[in-house]
Amino acid sequence: MTVTPIYGYDGIEEQSPLNYPVPITYSSPHPYVNKYTYGQEVHVPNGAVSMLVHFGLDTSTEQNYDFVVLCKDVSCVSNWGSFSGINFPGIYPNAPLSIPATSMYISFASDGKNTDFGFEIIITPIYGTI
Ligand SMILES: [Ca+2]
């Protein structure tokens with residue numbers, strides 16, 4: 001699976017002086033287009049030990065065709081979850097997703113027809129011990 005990194009960065013990524021958990025956000029275009037590919041590496045600030053992930057309430061992709069995959073690394077050989085439709089972590093009735101890692105790779109790809117609003121992902125770094 002090849003994913004081309006595109007202009008996915010539209011959020012903030014910084015560490016506050018007090019290790020306050022400043023959320024990191026990324027979004028697809030709204031709406032996304034057909035045959036769109038997106039890739040974004042995520043690294044939480046030093047001192048964080050895990051990530052809490054939820055998606056913006058407007059998030060919507062074509063069910064079973066246009067997937068957001070939370071890959072463990074850029075190879076995307078394994079992942080923390082694969083999502084489409086409105087079935088995303090943090091959108092009712094789904095709980096936010098706790099990921100016991102300090103980095104991951106967000107992959108999104110649309111097929112050749114039918115698009116939707118797209119996604120916004122909010123990643124909250126968690127500080128402390130696992
Ligand atoms: Ca589609």
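Read-outs throughout are calculated quantities, based only on the coordinates presented, and are distinct from any laboratory measurement. Remember, it's a predicted structure, so these values are computed and weren't measured experimentally. No Cβ is skipped: glycine too gets one built from the backbone with ideal geometry, and neighbour counts run over all protein chains shown.
Tabulated results
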| item | result |
| --- | --- |
| Cβ-Cβ under 9 Å pairs, at least 6 apart or on other chains, the stretch 27-51 side under 24 Å from A95 (Cβ atoms), far side within 16 Å of the ligand (Cβ to nearest atom) and assigned to a strand (DSSP E or B) | S27/G118; S28/Y38; S28/V68; S28/F108; S28/G118; Q40/S107; Q40/F108 |
| Residue that is surrounded by the fewest Cβ atoms within 10 Å (Cβ to Cβ), among those in the stretch 42-66 that are touching a Ser or Thr at 6+ places or on another chain (Cβ under 7 Å) and acidic (D, E) | E62 |
| Qualifying residue in the stretch 71-84 (condition: part of a loop (DSSP other than H, G, I, E, B), surrounded by fewer than 16 Cβ atoms within 10 Å (Cβ to Cβ), within 16 Å of the ligand (Cβ to nearest atom) and on the phi < 0 side of the Ramachandran plot) | no |
| Selection within the stretch 105-130 - within 15 Å of the ligand (Cβ to nearest atom), over 11 Å from the mean Cα position of the chain (by Cα) and part of a loop (DSSP other than H, G, I, E, B) | S110, D111, G112, K113, N114, T115, D116, F117 |
